[in-house]
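The values are calculated or read from the model by the stated rules, or taken from the named source; none is laboratory data. Remember, it's a predicted structure, so these values are computed and weren't measured experimentally. Note that each Cβ is placed from the backbone with ideal geometry, even for glycine, and that neighbours are counted across all protein chains shown.
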Amino acid sequence: MSAVVTDHEHEHHDHKPAGIKRWLYTTNHKDIGTMYLVFALIMFFIGGAMAMVIRAELFQPGMQFVEPNFFNQMTTVHGLIMVFGAVMPAFTGLANWMIPMMIGAPDMALPRMNNWSFWILPFAFLILLMSLFMPGGGPSFGWTFYAPLSTTYSGDSTALFVFSVHIMGISSIMGAINVIVTIFNLRAPGMTWMKMPLFVWTWLITAFLLIMVMPVLAGVVTMVLTDKYFGTSFFDAAGGGDPVLFQHIFWFFGHPEVYIMILPAFGIVSSIVPTFARKPLFGYASMVYATSSIALLSFLVWAHHMFTTGMPVAGALFFMYCTMLIAVPTGVKVFNWVATMWRGAMTFEVPMMFALAFIVLFTIGGFSGLMLAITPADFQYHDTYFVVAHFHYVLVTGAVFSIIAAAYYWLPKWTGHMYDEKLGQWHFWCSLISVNMLFFPMHFVGLAGMPRRIPDYALQFADFNAFISIGGFLFGASQLIFVWVLVKCARGGEKATAQVWEGAEGLEWEVPSPAPYHTFETPPVIK
Amino acid sequence: MTKTRSLRWSLPTLLLAATVDATDMPLNMTKGVTEISQQVYDLHMTIFWICCAIGAVVFGIMFWSIVRHRKARGVQPAQFHESTKVEILWTAIPVLILIVMAIPATKTLIAMEDTTEADVTVLVTGSQWKWHYKYLDNDIEFYSLLATPKEQIINRFAKEENYLLEVDRPLVIPTGKKVRFLMTSDDVIHSWWVPAFAVKKDANPGFINEAWTRVDEPGVYRGQCAELCGKDHGFMPIVVIAKSPADYEQWVNGEAERIAKAKAEEQELLAMNMSMEELMSVGARTYTAYCAACHQPNGEGLPGIFPALKGSAMALEDMPGHINIVLNGKAGTAMQAYAKQLSLKEIAAVITYERNAWGNNTGELVQAADVHAVMQGKGE
């Protein structure tokens, strides 16, 4: 060991191995953050391609392109990839890049684990994607894999699916532990809890949600595995089990999971809006408390996904009231953002445009969520396209738009170049129009009675579905502009200053652009 | 609507889809035909207008701010960033709105869950991919299958008005009576949904759920399975015909007669031998309706999910085993028991068909009596 140390006595400050080894062996939070983000983008396009298959089949009534079994594989794997492969890794990538810089830390607290938590991820998705080529195809029971469809009645790809979800879960848990340990231990002196940027706060709360619920997911997939292959009957009434038990366990994971995908988005928007309004965030403390209450409430509402499974009236009422209650802290957040804009001096660069679209469209998703909370009405909405519209508004125009906003916001810090503003505006407007063509009509289709997860539909839904599909293809194509912007910005462009944006405040804007390979080796002074 | 239609037709049609003019789609939830469905509709509209009002205020302020408070107008940003008074206000107001909303929702929910004092009770059983209805007050039971021909689905024939929303034998219920539904399933979870009644309830295997409706208007009401239940989830519709009590009574009597007649025919059949041609033609029809969804029209199955019949040891050699699996199904797989779903004649015919189609040329005939023997435990 001592020989190694002497070999490196004159190590350069920015020393890193060249080529592929840099990326394989790296423990640098910026490299790992970049890998997470690139991985998420690739997954976004793979999952998106599957959505295109779905929309092509639904373009007209009748079966045209794919078989119903393959259609079900597409809806299933699309969901799994977008949730676990695109949105969650993108947020982890942003956490890796930004949290150490925002709290004045030199790196993440557990850098080797950081490397590992990224590098197991590609294998998880390789396994999942490979399962599509098995005899009988990949998982086809929906991303929610309700038993007994996923146990007794599933194909043998289920084993691969379970293994793959386990690896994703391990990766998420390690990432979450790293975030928590970093924030607790590596804050620069003077960076007190109530001085932390909201992105750090929201991610800290997200990380706690992750370590609480990912083991629940691991438990439920293991029960599916043993029910299918080892003769247990957790979910089989014939052996004393209960298929509805599956849904309780799944949604006990699943509902906090929804907030895992939206809390960091709240942090991003809370960073961007004050910058471009040139005015401090309104109600910082209430934002922290609202985020915490949303996280706590998220453990008390899981059964609102299950109103039709047949639960006692008292149970249904409890879950209805708790779900309605979530609207209160969520509303507080939206009001705070609007109050931040009020009497500011706003400019409308691309990150701000995506953040503003987020506020409006996420709120629309919140409204449909409030409607879904009303149990008697939920009986009509449940498992229709109304639900599909709802969760795509919160996940695409919510989570994904916030990630895109974050990418535009911090790209100059990452690359040292300004992105092409004109192309970025094109990307924004094309995305905004097409995403609403895609998801807004789904509300009407659902209210008119079209169930979700069907490969073919009654004739009355034909016109709307054709329109929705066109919106889908346009939204998919619009994201190619994003790739163009990213590549162009990585290769060159106008040099970015350290502060980048006129109104930007925070430690990440005090280091040069691009941020040096190592930042804050000595802690910064916090005013 | 005209805009979407013109967009649809102006696109180059890479499709074989039949060019049927779509019936217009309603843009809102149905008011339905029951008191409960009307209440549900009212709740839906109330919460919808509350959301619209909140949206108008919040987005209104936001857009006002976007227009007025922009740097391009040379404004100086204010620096305020806190107000406990305002924070309390915009926490308290939503809480009040929600309480007002929760009261009628609670009332309706309690009414929906009260399944006592029913006049008619129907046991609804879902299975891949059909519904079974059993009237617990009479001796009536039957399966209800999708009636849309395969040729319409694969775009060979023009699609008709009730495409994918039509069944061979609809559920019939009396108007003005409280009808209780008991829901269960033979395999995976299904969900029985008729929008016009605002009834959607999961059919869970091994458990029984309850729901009820009281329909005032005679008519035909259509719905679909709402819970993903495997490959043909999109192809198991529900049709309910509500008849006046007198017409309903007449229907019940007719059904009882039909069932008695079918039983008598079955007895006669045991002494008869059917010809190969007849068995093959009945068999082909039965196979298409009941077997082809999994084992495929060409008998090759779907590798890894549904086994092939073409060239399989069971279809070529083991005849008692073949009859047995069709009658009783195979536990722990998607293979259902058909003893109660099909007549002896149909079972005999479909087994004959499977043993002689697609190059499975065994030349063997299976007669109703052979099936009956296995059923009685004598054929092993």
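Quick notes
- Among residues of region B:47-83 being at the interface with another protein chain (Cβ under 7 Å from one of its Cβ atoms) and surrounded by fewer than 13 Cβ atoms within 10 Å (Cβ to Cβ), the one that is farthest from the chain's Cα centre (by Cα) is B:Q76.
- Filtered residues of region A:425-440 (kept if crowded, with 23+ Cβ neighbours inside 10 Å and closer than 21 Å to A:I364 by Cα): A:F428, A:S431, A:V435, A:L438, A:F439
- Subset of region A:288-308 (residues that are more than 10 Å from every other protein chain (Cβ to nearest Cβ) and hydrophobic (A, V, I, L, M, F, W, C)): A:V288, A:I294, A:A295, A:L296, A:L297, A:F299, A:L300, A:V301, A:W302, A:A303
- Test: B:L164 is under 18 Å from the mean Cα position of the chain (by Cα), closer than 22 Å to B:E257 by Cα and not small (G, A, S): no
- Only one of A:I20, A:I32 that is within 28 Å of the chain's Cα centre (by Cα), modelled with pLDDT of 95 or more and away from chain B (no Cβ under 14 Å): A:I32
- A:S271 satisfies every condition listed in (1) within 10 Å of chain B (Cβ to nearest Cβ); (2) out of contact with any Ser or Thr (no Cβ under 9 Å at 6 or more places or on another chain); (3) surrounded by 21 or more Cβ atoms within 10 Å (Cβ to Cβ) except (1).
- Residues located in region A:415-432, provided they are part of a helix (DSSP H, G or I) and touching a Phe, Trp or Tyr at 6+ places or on another chain (Cβ under 7 Å): A:L423, A:G424, A:H427, A:F428, A:S431
- For region B:301-321, the set of residues classified as in contact with a Leu (Cβ under 8 Å, 6 or more places away or on another chain) and without any contact (Cβ under 8 Å) to a residue 40 or more places away in the chain consists of B:G301 only.
- Test: residue in region A:343-362 that is part of a helix (DSSP H, G or I), more than 25 Å from B:V75 (Cβ to Cβ) and not aliphatic (A, V, I, L, M): yes
- Residue in region B:217-232 that is touching a residue at least 12 places away in the same chain (Cβ under 8 Å), under 17 Å from B:L123 (Cβ atoms) and in contact with a helix residue (DSSP H, G or I) (Cβ under 7 Å, 6 or more places away or on another chain) present: yes
- Lone unmet requirement of (1) more than 30 Å from B:Y338 (Cβ to Cβ); (2) buried (at least 19 other Cβ atoms within 10 Å of the Cβ); (3) modelled with pLDDT of 95 or more for B:T106: (2)
- Scan region A:119-146 for residues that are in a loop (DSSP other than H, G, I, E, B) and either surrounded by 23 or more Cβ atoms within 10 Å (Cβ to Cβ) or within 14 Å of chain B (Cβ to nearest Cβ) (or both) and the total you get is 13.
- Residue count for region B:116-147 satisfying the condition of being among the small types (G, A, S) and not in a strand (DSSP E or B): 2.
- Among the residues listed as A:T158, A:T202, the single one being buried (at least 20 other Cβ atoms within 10 Å of the Cβ), more than 21 Å from A:N115 (Cα to Cα), of a type in the set (V, I, T) and within 14 Å of another protein chain (Cβ to nearest Cβ): A:T158
- Flag if A:F276 is in contact (Cβ under 8 Å) with a residue 12 or more places away in the chain, among the hydrophobic types (A, V, I, L, M, F, W, C) and part of a loop (DSSP other than H, G, I, E, B): no
- Within region A:438-456, the set of residues being facing another protein chain (nearest Cβ under 7 Å) and not charged (D, E, K, R) comprises A:F444, A:L447, A:A448, A:G449, A:P451, A:I454, A:P455.
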